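Notes follow the structure.
Coordinate-derived values only; no laboratory data. Being a predicted model, the structure only gives us computed values, none of them experimental. For neighbour counting, all protein chains shown are included, and Cβ atoms are generated from backbone atoms with ideal geometry for every residue, glycine included.
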2 protein chains.
Amino acid sequence: MTLDVVARHAGVSLATASRALNGTTRVRDELRERVRAAADLLGYIPNAHAQALASSSSNTVGLICHDVGDPYFAAIADGVMRAAAEQDVLVMLASTFREPAREIEYVSILRAQRARAILLIGSGFQDRTWERALSAELDPYIRAGGRVAVVSRHRSVRADAVLPENRAGAAALARALLALGHRRFAVLSGPPELTTVADRLAGFREGLAEAGITLDRDCVVEGAFTRDGGYAAARELLARRARPTCVFGVTDVMAVGALAAFREAGIDVPADISLAGFDDIPLVRELTPPLTTVALPLTEMGQHAISLALREPHGQRSRVLRVGGEVVVRASTGPPPPDGTTNSGAGKGI
Amino acid sequence: MTLDVVARHAGVSLATASRALNGTTRVRDELRERVRAAADLLGYIPNAHAQALASSSSNTVGLICHDVGDPYFAAIADGVMRAAAEQDVLVMLASTFREPAREIEYVSILRAQRARAILLIGSGFQDRTWERALSAELDPYIRAGGRVAVVSRHRSVRADAVLPENRAGAAALARALLALGHRRFAVLSGPPELTTVADRLAGFREGLAEAGITLDRDCVVEGAFTRDGGYAAARELLARRARPTCVFGVTDVMAVGALAAFREAGIDVPADISLAGFDDIPLVRELTPPLTTVALPLTEMGQHAISLALREPHGQRSRVLRVGGEVVVRASTGPPPPDGTTNSGAGKGI
DNA sequence: GCGCTTTCAGAAAGCGCTTTCTGGTAAGGT
DNA sequence: ACCTTACCAGAAAGCGCTTTCTGAAAGCGC
């Protein structure tokens with residue numbers, strides 16, 4: 001079913017049929033109706049590829065995230081979908097499974113698809129070669145009129161950005177934890193090459209520094225940016241000598257894993273150890289105890305990203321939107337245990 | 001940057017350049033290399049729209065789900081993305097926000113995009129008009145060679161399907177709960193027009209019936225298929241006279257809300273009330289207590305869906321894959337309280 | 001009533017590819 | 001040496017639209 005059949009059926013020319021359906025130019029109302037009726041009758045479905053080709057424009061945007069299954073990305077993706085539905089754009093989804101190379105590959109694919117915008121969600125990697133390769137894809141895309149927006153990632157290219165207050169948020173969290181009386185901290189950190197990790201760590205250190213506390217090497221355990229990564233990191237932490245009274249998981253997802261590890265080890269949160277996260281993914285409210293964290297408006301972040309990218313006047317300069325960073329204190333944090341030696345093994349609770 | 005520039009640059013014809021890059025036909029190795037080199041040098045990116053138009057084929061599939069932010073759909077989407085990456089297809093994501101009409105609209109959009117397959121994830125609605133309208137979109141699509149796969153939904157059209165053992169699973173769950181000694185049950189049900197709800201309810205009733213127990217009207221509370229829906233339903237349940245010793249949330253997500261409501265009401269799970277869900281979304285393992293549920297291989301379901309849809313010999317008949325249905329007993333269920341009158345208010349613990 | 005602008009419809013030229021069809025050349029058979 | 005196959009490269013015809021350009025008809029002031 002092509003447009004010219006519809007046109008013939010309606011007794012008008014191909015050009016008129018096109019205009020009638022797209023409403024781009026004035027067409028006599030009677031003709032427009034005739035075309036519409038014919039299209040309906042014939043069950044005409046336009047060919048988006050032909051449209052895109054002829055008009056050299058499309059209304060798809062690409063969404064690249066590290067892992068759709070992760071609640072953090074799922075929440076952002078949800079926001080993107082909402083905004084996309086409003087703006088009548090179609091979203092092409094790409095999940096890199098946390099492999100940097102895949103991200104570059106997907107940018108290339110989305111370029112081929114002539115996506116109107118590409119959204120990069122989540123931390124970038126601190127890796128010169130990777131950055132260069134990514135820019136090599138992104139730069140020509142932008143030069144050709146493509147829009148790029150990043151969420152929670154430093155702008156390596158001329159892109160609009162939605163940036164969480166990673167540093168300030170982590171610092172504020174540190175202050176809040178200090179205020180509870182904690183002095184011995186540990187951090188469950190993610191892959192150090194992720195900029196988000198670096199920022200949050202730096203912020204946390206900054207906050208601690210105000211109280212004259214420094215975090216030594218030993219107190220930072222690295223793990224994957226996943227629930228299991230947090231779990232493993234927490235186990236490793238417990239295996240070390242000095243036990244902290246307060247643990248900061250650089251993402252909520254990691255903190256969730258840590259909570260499980262603590263429970264398994266018979267450590268009570270927050271009586272024995274206080275635990276805090278970052279992101280405020282919906283699930284942390286359901287935990288026992290609910291997690292203290294730094295809140296990010298995840299869904300809004302997704303909405304903003306796509307809106308920024310699609311906003312009309314591209315403007316030569318990129319826009320930056322800073323969001324979140326509020327500390328939300330919940331029951332997973334409390335004062336440190338009386339003597340701070342509630343160590344090893346048994347514990348109470350389950 | 002178009003192919004003919006590349007061709008000229010490589011000193012070959014447009015046709016040869018096309019063949020060289022797509023490797024579809026034999027081209028002298030030397031020429032192929034020359035074309036590749038030229039393409040690289042010029043930073044050539046093919047135009048997927050032109051390719052699709054010329055070849056009348058594309059390698060995109062559409063994924064329609066009710067809500068990407070929901071962990072259930074996120075897990076399935078994750079599976080879809082994995083399989084898609086393997087098969088080199090691009091996924092267009094659509095989220096209906098649980099509005100039936102949107103689903104139909106998206107099918108139409110995906111038809112215009114000439115998606116190779118359309119994946120419908122999640123329960124359908126029991127609504128004659130809606131079904132008819134959906135079929136009106138799907139049928140011509142299929143007739144035109146499009147593939148449709150549904151996950152967790154009755155096949156209203158000639159589509160491949162990945163079907164959870166909703167009925168058998170719920171029945172098995174009922175048996176397991178009966179075995180614990182429960183006799184007074186309640187169900188937190190979703191919107192009754194969702195087929196999934198109907199199936200699970202029927203299965204649960206079936207299981208109970210084997211012990212001669214019937215579920216009266218009063219014991220089934222309906223709520224939205226969300227965490228908050230479960231929360232609200234649980235509250236409503238508590239407000240009613242007779243209190244059950246065991247509650248079945250037809251989805252884990254609803255059960256999560258119910259758990260929160262119970263906790264708020266000072267009801268201990270499982271000491272006062274046992275609680276079970278369905279789906280086994282990852283998050284339920286993190287709860288306190290972790291939820292007893294009926295497990296579904298969510299990620300695999302997504303993978304299967306896309307594989308089924310893309311499998312070569314379309315076969316005139318549709319394929320059905322039944323999955324899941326195993327009861328996973330965790331700590332949220334236990335024997336009923338001694339006298340079954342641990343009612344109202346106070347309770348213990350938080 | 002005459003030239004003017006204005007409005008709307010059609011013809012036709014692409015958009016950037018794939019693919020069929022045709023032709024040329026080298027290899028193989030006799 | 002001649003004809004057949006086989007293989008590879010080029011010409012050209014679309015794929016299904018949008019959009020520019022052109023033209024016809026109608027509205028308007030004088």
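For A:Val323, nonlocal amide neighbours, meaning residues 5 or more places apart or on other chains whose placed amide H falls under 5 Å from its own, are A:Leu163, A:Glu165. For B:Val328, nonlocal amide neighbours, meaning residues 5 or more places apart or on other chains whose placed amide H falls under 5 Å from its own, are B:Thr293, B:Val294, B:Ala295. Where is the GNM fluctuation largest for chain A (alpha-carbon springs, 10 angstrom cutoff): A:Ser95, A:Ser332, A:Ser55? Top of the fluctuation ranking is A:Ser55. Here is how far apart the A:Val320 label points are across copies: 5.7 nm, shortest first, using a point 7 Å from Cα toward Cβ.
Projecting the Cα atoms of B:Val148, B:Val68, B:Thr245 onto the dipole axis of chain B, where Lys and Arg carry +1 and Asp and Glu carry -1 at the beta carbon, places B:Val148 farthest toward the positive end. Projected onto planes of every orientation and averaged, the convex hull of the alpha-carbon atoms in region A:3-46 covers 2.5 nm². What FRET efficiency, computed as 1/(1 + (r/R0)^6) with R0 = 25 Å and r the Cβ-Cβ distance, is obtained for B:Arg322 and A:Arg102, rounded to the nearest 0.05? So, using R0 = 25 Å, E works out to roughly 0.15. Here the gap between B:His154 and B:Glu236, fully extended at 0.36 nm per residue and compared with their Cα-Cα distance, gives a gain of 26.5 nm. Remark on A:Val151: its backbone amide H falls under 5 Å from those of A:Leu120, A:Ile121, A:Gly122, A:Val162, a criterion applied only to residues 5 or more positions apart or on other chains, H modelled at 1.01 Å from N.
Within the shell of other residues whose beta carbon sits under 11 angstrom from the beta carbon of B:Tyr44, the net charge comes to 0, with Lys and Arg scored +1 and Asp and Glu -1. Comparing A:Thr195, A:Ala265, A:Ala211 along the charge dipole axis of region A:150-287, the residue lying farthest to the positive side is A:Ala211, per the Cβ-charge model.
Stokes-Einstein, applied to the Kirkwood radius of chain A over Cα pairs at a viscosity of 1.567 mPa s and 4 °C, places its translational diffusion at 58 µm² s⁻¹. The mean of 1/r over all pairs of different alpha-carbon atoms in the protein assembly as shown, once inverted, gives a Kirkwood hydrodynamic radius of 27.5 Å. With the label put 7 angstrom out from Cα along the Cα-to-Cβ vector, B:Arg155 ends up 5.1 nm from the copy partners, going from closest to farthest. The HN-Hα couplings worked out from phi for region A:113-123 by the Karplus form 6.51 cos²θ - 1.76 cosθ + 1.60 (θ = phi - 60°) are 7, 6, 4, 5, 8, 10, 10, 10, 9, x, 3 Hz, whole numbers, x standing for Gly and Pro. In the Gaussian network model of chain A, springs joining C-alpha atoms below 10 Å, which of A:Asp339, A:Asp139, A:Asp218 carries the largest mean-square fluctuation? Among A:Asp339, A:Asp139, A:Asp218, the largest GNM mean-square fluctuation belongs to A:Asp339.
Between the alpha-carbon centers of region B:219-289 and region A:63-114, tell me the distance in whole angstrom. Spelled out, the Cα-based centre of one part sits 33 Å from the other.
Counting from the shortest, the label point at A:Ala101, 7 Å from Cα toward Cβ, is 4.8 nm from the same position in each remaining copy. Our estimate of slack between A:Ala331 and A:Ser13, defined as 0.36 nm per intervening residue step minus the Cα-Cα distance, is 107.5 nm.
Ranked for footprinting exposure by Cβ neighbours inside 10 Å, fewest first, B:Glu86, A:Glu131 give B:Glu86, A:Glu131.
For region B:189-304, the alpha carbon positions stretch 45, 31, 25 Å along the principal axes, listed from largest to smallest.
When B:Met254, B:Met81 are arranged by Cβ crowding within 10 Å, least crowded first, meaning fewest neighbours, the order is B:Met81, B:Met254.
A Stokes-Einstein calculation at 37 °C with viscosity 0.692 mPa s, built on the Kirkwood radius of region A:108-182 over Cα pairs, returns a diffusion coefficient of 231 µm²/s. For A:Thr214 and A:Asp339, the FRET efficiency from 1/(1 + (r/R0)^6), where r spans their Cβ atoms and R0 equals 22 Å, is about 0.45. Karplus-based coupling profile of region A:229-243, in residue order and whole Hz: x, x, 4, 4, 4, 5, 4, 4, 4, 5, 6, 7, 4, 5, 9, with θ = phi - 60° in 6.51 cos²θ - 1.76 cosθ + 1.60 and x standing for Gly or Pro.
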